[in-house]
Structure formats: C-alpha cells, structure tokens
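**Student:** Take this structure, written in structure tokens, and hold onto it; I'll ask about it next.
The values are calculated or read from the model by the stated rules, or taken from the named source; none is laboratory data. The structure displayed is predicted, hence computed values, not measured ones. Ideal geometry is used to build each Cβ from the backbone, glycine not excepted, and the neighbour counts take in all protein chains shown. Ligands, DNA and RNA are stripped out before the accessible areas are found, and what is left, the full protein with its side chains, is counted by its heavy atoms. Shrake-Rupley method; radii C 1.70, N 1.55, O 1.52, S 1.80 Å.
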Amino acid sequence: WLEEQELERRLTHEYVHVVVRYITGANVPWWLNEGLAEFMSKTLSTGDIQQLRDYFGAGNTLSLKAIEDNQINQRAPAALQSAYIQSHAVVELLWNRYGRTKMLAFLRSLGNGMGYEDAMQAVYRRSSALIERDLVGYYR
C-alpha cells in the first residue's frame, strides 16, 4: 500500500494525463504530457533543482526535440530521470512566466492539429530553442 500523500500524487499525475489527452488527442509531445503531469502532481525538490543546475551548467541537457516522443522511455534510467526533470522544469517555466491561460491555449492549439513548434510560436511567441535558452538562463 501507498502512503496517502503518494497515492494522491500518483492519482493527480495520471489524471493530468487524462485531461491532456482529452484536450490534445494524441497530438502532444512526451515532454509536455509528462512535464505537465509532474508539475501538477509535485514540486521540484532541492535535489531536482541542483540536478538541473548541474545539467545546464555542464551542457548535459536534452533538447525538447530529443524528448518529444514516447521513444524516450527506451533510454537508460538516468537519462529518463533527466528527461522527466527537464520536462517538469520547462512546463514550470511556461506556467509561471505565461500563466495557465496560455498553457490551455497551447494545449488547445495542439488539439486542433497544430505542431508543437507552431503552437508554441502562436501562443508564447517563442520557439522551443528560445524556451530552452530561457531555461538554461534560469538554472545557471
């Protein structure tokens, strides 16, 4: 059995996946789907933040393009953990900087068939490369 807090976290995580799929259909990149589920179900720990600083400081990060589909699940556990933490950090940056209304608009754009680069440009007025650069600046 799970502790009540962990059960609540896991249920929230899985519920977010259901909502994301409802809004986007299958048109959602892995990093957004997992990043949003992680963001809504827990906060980044002090250790996670330190890992992000280490990743970005050493240039050992994955681009959003590299973690956009479910093939990421075939990576080694350490690389997969890195992808989860980075995805969480991207979503946190988008949510905190631009708000939930923009996130919903982003998800709806994907649900309307737009690719994530086009949707990102339409909603946030930024490319994934610029978002990645913003993230590096935040965690360095």
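**Student:** Can you report the number of residues in the range 78-108 which are touching a residue at least 12 places away in the same chain (Cβ under 8 Å), open to solvent by 20 Å² or more (accessible area, probe 1.4 Å) and small (Gly, Ala, Ser)?
**Tutor:** 2
**Student:** Pick from the range 113-138 the residues that are among the charged types (D, E, K, R) and assigned to a helix (DSSP H, G or I): which of them is farthest from the chain's Cα centre (by Cα)?
**Tutor:** ASP118
**Student:** Related question: Which of the residues that make up the range 1-44 are farther than 23 Å from GLY115 by Cβ and not in a helix (DSSP H, G or I)?
**Tutor:** TRP1, LEU2, GLU3, LYS42, THR43, LEU44
**Student:** Same structure again: Go through the range 109-119 residue by residue and tally those that are touching an Asp or Glu at 6+ places or on another chain (Cβ under 8 Å) and without any contact (Cβ under 8 Å) to a residue 12 or more places away in the chain.
**Tutor:** Count: 0.
**Student:** Across the range 47-80, what is the total count of residues that are outside any helix (DSSP H, G or I), under 16 Å from the mean Cα position of the chain (by Cα) and not hydrophobic (A, V, I, L, M, F, W, C)?
**Tutor:** Count: 4.
**Student:** Next question, about the same structure. Between a residue in the range 120-140 that is farther than 15 Å from LEU32 by Cα and any residue that is of a type in the set (Asp, Glu) and open to solvent by 20 Å² or more (accessible area, probe 1.4 Å), which pairs come within a Cβ distance under 8 Å, given they are 6 or more apart or on different chains?
**Tutor:** These pairs meet every condition: ARG126/ASP134.
**Student:** Moving on. Being among the β-branched types (Val, Ile, Thr) and open to solvent by less than 40 Å² (accessible area, probe 1.4 Å) is the filter here, so list the residues in the range 16-74 that pass it.
**Tutor:** Answer for the range 16-74, where residues must be among the β-branched types (Val, Ile, Thr) and open to solvent by less than 40 Å² (accessible area, probe 1.4 Å): VAL16, VAL20, THR24, VAL28, ILE67, ILE72.
**Student:** What's the number of the only condition in (1) more than 13 Å from the chain's Cα centre (by Cα); (2) among the aromatic types (Phe, Trp, Tyr); (3) closer than 23 Å to GLY111 by Cα that TRP30 fails to meet?
**Tutor:** For TRP30, the failing item is (1).
**Student:** Is it the case that GLN86 is closer than 29 Å to GLY111 by Cα and either small (Gly, Ala, Ser) or in contact with a Leu (Cβ under 9 Å, 6 or more places away or on another chain) (or both)?
**Tutor:** yes
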